[in-house]
Amino acid sequence: MLVVVSDGVERRTPVTGITASTGHLALLSWSRFLLASRRTSQDGTGAWESNAVVYSPGGYPISHICIGDDLDYLVTDRDGGIWTSHGDEGIHGNHPASSEGLARWNTDGGQTWGPLGQGRLPVLPLGGIAGTTEEEVAWLGWYSPEGSFLSRVDPAAGSVTSYRQPLGDTDGIAVRGTRMLLSHQFHHRPGVELNRAELIDDAWVITSQEHLRLPEPVTRRCVQGRDGVLWIRGGDTWVRVEA
């Protein structure tokens, strides 16, 4: 069941074909949505098996696609682009797109962006931390042996700008202009640490910190950022925080 609340109105859509391995949910353009599993593998012919399903507004599968192996984090943009960051098993595995650590896909499963082809990263990623979209731009958080970074990706211009991550241990981000929200969850406890940051002299600087308590515990992948807003879920309660 997919539950959507908009302007105080709740809409429930029955969803078919959800598997036990499903771990990522994201909205797509035209009221579609995406469910994805973390892992994929090659079949007997060497083809990569589907690990994501595009659903119609009515909750029915439209297409089954592969969006890389070992998905650490997944976000979508306004144009229906799917942004993924990959863990070490994907980066050091056999899937060609996963080896770059970050990628963008269309809803047909075609890769439309990769960091090495259209702009260098400071170092190669080892895994993803968080991600968000800001209008047409994507922000991807990732870590490496040389520390954690935030990369701003403009797919229209093909440009990538990377910054040092101001908070090493974060699992949610939201960006609006020169302001950023970063969260750190206390997993399985009803507490979230919220940090606000400003872009000062081409570096993100933490300016304040607060603790947010929710009615129920927060679990993995219960924080999502989009267009300057951080959504945090504890049980059946959603909290909306603006950057």
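Figures for the structure shown
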read-out	value
Residue within segment 196-203 that is buried (at least 22 other Cβ atoms within 10 Å of the Cβ) and either closer than 24 Å to Pro115 by Cβ or over 14 Å from the mean Cα position of the chain (by Cα) (or both) present	yes
Subset of segment 4-37 [under 21 Å from the mean Cα position of the chain (by Cα), open to solvent by 70 Å² or more (accessible area, probe 1.4 Å) and either modelled with pLDDT of 95 or more or of a type in the set (A, V, I, L, M) (or both)]	Val5, Ile18, Ala20, Leu25, Leu27
Filter result (without any contact (Cβ under 8 Å) to a residue 40 or more places away in the chain and over 13 Å from the mean Cα position of the chain (by Cα)) within segment 90-110	Gly90, Ile91, His92, Gly93, Pro96, Ala97, Ser98, Ser99, Glu100, Asn106, Gly110
In segment 159-179, the residues that are of a type in the set (A, V, I, L, M) and assigned to a strand (DSSP E or B)	Val160, Ile173, Ala174, Val175
Yes/no for Gly128 being at pLDDT 90 or above, of a type outside the set (Phe, Trp, Tyr) and touching a Ser or Thr at 6+ places or on another chain (Cβ under 8 Å)	yes
Subset of segment 207-221 that is open to solvent by 60 Å² or more (accessible area, probe 1.4 Å) and at pLDDT 90 or above - its residue that is nearest to His24 (Cα to Cα)	His211
Unique match (being over 19 Å from Asp77 (Cα atoms) and in contact (Cβ under 8 Å) with a residue 40 or more places away in the chain) among Val9, Val3, Val15	Val15
Test: residue in segment 180-190 that is open to solvent by 60 Å² or more (accessible area, probe 1.4 Å), at pLDDT below 95 and not in a loop (DSSP other than H, G, I, E, B)	yes
Among the candidates Gly141, Gly109, residue that is touching a strand residue (DSSP E or B) at 6+ places or on another chain (Cβ under 8 Å), open to solvent by less than 10 Å² (accessible area, probe 1.4 Å) and either closer than 30 Å to Tyr55 by Cβ or not hydrophobic (A, V, I, L, M, F, W, C) (or both)	Gly141
Subset of segment 150-179 (residues that are small (Gly, Ala, Ser) and crowded, with 21+ Cβ neighbours inside 10 Å)	Ser151, Gly172, Ala174
Tally of residues being small (Gly, Ala, Ser) and surrounded by fewer than 24 Cβ atoms within 10 Å (Cβ to Cβ) across segment 51-91	7
From Leu124, Leu140, residue being closer than 20 Å to Ile67 by Cα and either in contact (Cβ under 8 Å) with a residue 40 or more places away in the chain or of a type in the set (Phe, Trp, Tyr) (or both)	Leu140
Pair list, Cβ under 6 Å, 6 or more apart: segment 206-222 residue over 14 Å from Asp236 (Cα atoms), other residue at pLDDT 85 or above and not charged (D, E, K, R)	Ile206/Pro166; Ile206/Asn195; Ile206/Ala197; Gln209/Asn195; Glu210/Leu194; Leu212/Val192; Leu212/Leu194
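The values are calculated or read from the model by the stated rules, or taken from the named source; none is laboratory data. Bear in mind that the values here come from a model prediction, so they are computed numbers and not experimental data. All Cβ positions, glycine included, derive from the backbone under ideal geometry; neighbour counts span all protein chains shown. Note: accessible area is taken over every heavy atom of the protein model, side chains too, but ligands, DNA and RNA are not part of it. Shrake-Rupley method; radii C 1.70, N 1.55, O 1.52, S 1.80 Å.
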